[in-house]
Amino acid sequence: MEYVWAEEGNLKFLIPATDPALPFPPGSAPVFFNPRMELARDATVLIAKALPVSRYLDAMGATGVRGLRIAKECGVPVAINDRDPEAVSLVLRNRDVLGLPVEVTSSDANALLSERTFETVDIDPFGSPAPFLDSAIRGCGRFLFVTATDTAPLCGAHRNAGIRRYFASAMNNEYHAETGLRILLGFVAREAARYDRGVEPLFCFSREHYCRLHVRLLRGAASADRSCRAMGYVLQCPSCIYRTHAAGVLPPQGECPYCGKPLVPIGPLWTGPLQDRDVLVRVSELVPGSGYRLSARLQKLVDACLGELDIPFHYDYHRVARYFRVSPPPIERVIDSLRGCGYAASRAHFSGTAIKTDAPLSALRDALAGDRRD
Ligand SMILES: C[S@@+](CC[C@H](N)C(=O)[O-])C[C@H]1O[C@@H](n2cnc3c(N)ncnc32)[C@H](O)[C@@H]1O
Ligand SMILES: [Zn+2]
C-alpha cells in the first residue's frame, strides 16, 4: 500500500494514496478515508472534550483518524478496532508514528461489543448502522456516537429499504433530511429501550450525505419509558403542504384541516429534542480556540442547532412561497414577523431555507406575503 500524509485537527497521519481520477476515491482505496467527513470528526472531538468522555472505542477505525484524534486532542484512553487486516496495520502504523497510547483490535465490531464494554462507543460503518446498534448499546456505558450514510433508505428515496432496516416509513419530500435523522434516532431509542435504557440526544445533525448522532444512554425502565414517550409520527397531507405531529406508538388517524385528505403518517420517529443545549453551548465555546480548518462551518452548524426549535419537522421557505404564489421577503424577516405575531419560529440546520414554526399555515402565508402588504 502506498501512503501519503494527511492533516486534520491537530493531527498529521497516514492515509492510503488514492487515484483522484476515480469517481469516488475514498471507496477505491484499500483502507477507507473520506476527507468530506472532517467536519463530523471535528464535531465529535469537541463534544468528546465538552462532555468529557473518559474511555472511547472507535469500533470501525479504517485509518484510525477518529480514535487517534480523540487520543491526541482529549488525552483519554482510546481503543481502535477494524475487522479488516489492512486497516488494522495502518492504524498500528499511525499509532506508532504518532506515539499515542492506543489499544488496537481486529475483531468484528458486533463480537467485540458483545464481549466488552466501553464508556463511549463510536459506530461509523459503510452505509447503515442498523446491524451494529444492538451490540453497540450492549457494549456502551454512557455515550453512543453513530454515523449513517444510507440516506436514501432513511429519507424515503428507497422506502422499502428504510422499512427493512429501521421498520419506519419515510417520505421523500422537502424535509426528508430531518425525517431521516429522526427515524435513525427513533431506531436507536427503540433498540435501547429493549434493554431498559433511555436515550438523551446531545448533538444530532444531518448534513450532505450523512446523519451523525451523539447521544447519552441512561439506565433504568423509567428513562426508557421517557424515550418511548418521545416516539411518534409526523403526519403529512398528500395534497397540500399541511403537516403536524403526534406522539404515540400507533399513528393517529386524521384529516387535513385545509383539504380534507387523510393524513399520511411518517415514522415511527423521534419527536423530541435533537440537542442538549448545555452540552452544545460548551461545544460552541470550544470551537473558536480549536484552530480547525473548518471552524467557521462548525460554528455555523452548532449555532444553527442551538437556535433550532424542538419541532419534529420544518418548512422549506421557497416551497411554501411557491405554494402560496408569493414572492417572500428575506427569510430572517419572515421569522421575525412570525415571532412578532406571537408564534415560535426559527431557522434549522438542515438547510439555509428551512423554517421551523408552530404557526398555522395561514399565519405562515401572511408572514411570507409580508412584503406585498407593506
Ligand atoms: C466508513 S469506514 C470508517 C471510517 C473512519 N471511522 C473514519 O472516520 O475515517 C468503515 C470501516 O468499518 C470497517 N468494518 C466494516 N464492517 C465491520 C465490522 N463488522 N466490524 C468491524 N469493522 C468493520 C471497514 O473495514 C471500514 O474500515
Ligand atoms: Zn391538505
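The values are calculated or read from the model by the stated rules, or taken from the named source; none is laboratory data. These numbers were taken from a predicted model, which means no experiment stands behind them. Methodologically, a virtual Cβ is constructed for each residue, glycine included, from the backbone with ideal geometry; neighbour enumeration extends over all protein chains shown. Please note that ligands, DNA and RNA were not included when accessible areas were found on the heavy atoms of the full protein model with its side chains. Shrake-Rupley method; radii C 1.70, N 1.55, O 1.52, S 1.80 Å.
The residues of region 243-260 that are closer than 19 Å to ALA170 by Cβ and touching a Pro at 6+ places or on another chain (Cβ under 7 Å), listed by number, are HIS245, ALA246, PRO251. So, in region 247-273, of the ones that are open to solvent by 20 Å² or more (accessible area, probe 1.4 Å), more than 17 Å from ASP310 (Cβ to Cβ) and touching a residue at least 40 places away in the same chain (Cβ under 8 Å), which residue ends up farthest from ligand 2 (Cβ to nearest atom)? Looking at the filtered set, the residue picked out is PRO268.
Evaluated against (1) part of a strand (DSSP E or B); (2) β-branched (Val, Ile, Thr); (3) open to solvent by less than 20 Å² (accessible area, probe 1.4 Å), ILE15 falls short on exactly one condition, (3). Within region 329-360, which residues are buried (at least 19 other Cβ atoms within 10 Å of the Cβ) and either hydrophobic (A, V, I, L, M, F, W, C) or part of a loop (DSSP other than H, G, I, E, B) (or both)? Within region 329-360, VAL334, ILE335, LEU338, ALA345, ALA348, HIS349, PHE350, ALA354, ILE355, ALA359 meet the criteria. Whether any residue in region 207-215 is within 16 Å of ligand 1 (Cβ to nearest atom), within 15 Å of GLU178 (Cβ to Cβ), surrounded by 22 or more Cβ atoms within 10 Å (Cβ to Cβ) and among the charged types (D, E, K, R) is what I want to check. Yes; the residues of region 207-215 include at least one that is within 16 Å of ligand 1 (Cβ to nearest atom), within 15 Å of GLU178 (Cβ to Cβ), surrounded by 22 or more Cβ atoms within 10 Å (Cβ to Cβ) and among the charged types (D, E, K, R). Only one of the listed residues (ARG83, ARG66) is within 8 Å of ligand 1 (Cβ to nearest atom), touching a residue at least 24 places away in the same chain (Cβ under 8 Å) and surrounded by 24 or more Cβ atoms within 10 Å (Cβ to Cβ). That residue is ARG66.
The numbered conditions (1) within 16 Å of ligand 2 (Cβ to nearest atom); (2) in contact (Cβ under 8 Å) with a residue 60 or more places away in the chain are all true for PRO238 except (2). The numbered conditions (1) over 22 Å from MET1 (Cβ atoms); (2) within 9 Å of ligand 1 (Cβ to nearest atom); (3) out of contact with any strand residue (DSSP E or B) (no Cβ under 8 Å at 6 or more places or on another chain) are all true for ASP134 except (2).
Considering ASP303, ASP366, ASP278, the condition of being in contact (Cβ under 8 Å) with a residue 24 or more places away in the chain, more than 30 Å from ALA161 (Cβ to Cβ) and in a helix (DSSP H, G or I) is satisfied by ASP366 alone. Suppose we filter VAL326, VAL281 for residues that are open to solvent by 30 Å² or more (accessible area, probe 1.4 Å) and among the hydrophobic types (A, V, I, L, M, F, W, C); which single one remains? Matching residue, one of VAL326, VAL281: VAL281.
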